Amino acid sequence: ICHDMHLTPVTLINLRSGETKPYTEIIGHGDVHAVAGIGNPKRFFETLKEIGYRVTPHSFEDHVAFQAGDIEFGDDKPVIMTEKDAVKCRAIANENCWYLKVKATLPPEFLQEVVTRVETCSA
């Protein structure tokens, strides 16, 4: 049985300074570059749109080794990326790079299914 994991935005964190802002505080007048080198980048881009951003999406292969040019777009729009990508980009990021920290939640049915399977295997 498959369960959908829900990602809930928590905060925006600047890669260079560590400054945090509420995710509801729209930065850069709402126009942003969104960078995602993950398996389902569309989901990340949609999350940013739901918050209220006007997104210019930049998809990369999962597990990409980012280069500085990958996150520089020749304008002053903020760059927002996933936390996973931020780890790889911290050394090449400028002061306009942020990541969206999210909280992952699974439905209660998932935990119950895990418990049931463990109990079945232990019996």
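The values are calculated or read from the model by the stated rules, or taken from the named source; none is laboratory data. Everything quoted here is computed from the prediction, not taken from an experiment. Cβ placement follows ideal geometry from the backbone for every residue including glycine, while neighbour counts extend to all protein chains displayed. Heads up: the accessible areas ignore ligands, DNA and RNA and are worked out on the full protein's heavy atoms, side chains in. Shrake-Rupley method; radii C 1.70, N 1.55, O 1.52, S 1.80 Å.
Condition first: in a loop (DSSP other than H, G, I, E, B) and under 12 Å from Ala36 (Cα atoms). Now tell me which residues in segment 91-108 satisfy that. Before you say what the answer is, go through the steps one by one.
Let us first name the residues in segment 91-108 that are in a loop (DSSP other than H, G, I, E, B), namely 93-96, 106-107.
Within segment 91-108, none qualify.
When you scan segment 64-86, do you find a residue that is polar (S, T, N, Q), loosely packed, with under 14 Cβ neighbours inside 10 Å and without any contact (Cβ under 8 Å) to a residue 60 or more places away in the chain, even just one?
yes
One line per residue, one yes/no per condition, for (1) more than 18 Å from Gly28 (Cα to Cα); (2) over 12 Å from the mean Cα position of the chain (by Cα); (3) not acidic (Asp, Glu):
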site: Asp70; (1), (2), (3): yes, yes, no
site: Asn96; (1), (2), (3): no, yes, yes
site: Ala104; (1), (2), (3): yes, no, yes
site: Cys121; (1), (2), (3): yes, yes, yes
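Name the single residue, out of those in segment 1-56 being on the phi > 0 side of the Ramachandran plot and without any contact (Cβ under 8 Å) to a residue 12 or more places away in the chain, that is nearest to the chain's Cα centre (by Cα).
Looking at the filtered set, the residue picked out is Gly18.
Looking only at residues in segment 3-40 that are assigned to a loop (DSSP other than H, G, I, E, B) and of a type in the set (Val, Ile, Thr), which one is most open to solvent (accessible area, probe 1.4 Å)?
So, considering only residues that are assigned to a loop (DSSP other than H, G, I, E, B) and of a type in the set (Val, Ile, Thr), the one most open to solvent (accessible area, probe 1.4 Å) is Thr24.
Quick one: would you say Ser59 is under 17 Å from the mean Cα position of the chain (by Cα), polar (S, T, N, Q), open to solvent by 30 Å² or more (accessible area, probe 1.4 Å) and over 13 Å from Pro9 (Cβ atoms)?
yes
Output the residues belonging to segment 41-54 that are farther than 30 Å from Glu109 by Cβ and open to solvent by 20 Å² or more (accessible area, probe 1.4 Å).
Residues satisfying the conditions are Gly52, Arg54.
Residues checked against (1) outside any loop (DSSP other than H, G, I, E, B); (2) at pLDDT 95 or above; (3) in contact with a helix residue (DSSP H, G or I) (Cβ under 8 Å, 6 or more places away or on another chain); (4) under 29 Å from Ile26 (Cβ atoms):
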{"site": "Val55", "(1), (2), (3), (4)": "yes, yes, yes, yes"}
{"site": "His63", "(1), (2), (3), (4)": "no, no, no, no"}
{"site": "Asp76", "(1), (2), (3), (4)": "no, no, yes, yes"}
{"site": "Cys89", "(1), (2), (3), (4)": "yes, yes, yes, yes"}
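Quick grid of which residues meet (1) in contact with a Lys or Arg (Cβ under 6 Å, 6 or more places away or on another chain); (2) within 18 Å of His6 (Cα to Cα); (3) of a type in the set (Lys, Arg):
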| residue | (1), (2), (3) |
| --- | --- |
| Glu25 | no, no, no |
| Gly30 | yes, no, no |
| Phe44 | no, yes, no |
| Glu50 | no, yes, no |
| Thr56 | no, no, no |
| Asp62 | no, no, no |
| Gln67 | no, no, no |
| Pro78 | no, no, no |
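Within segment 105-116, is even one residue under 18 Å from Tyr23 (Cα atoms), loosely packed, with under 14 Cβ neighbours inside 10 Å and at pLDDT below 95?
Checking segment 105-116: at least one residue is under 18 Å from Tyr23 (Cα atoms), loosely packed, with under 14 Cβ neighbours inside 10 Å and at pLDDT below 95.
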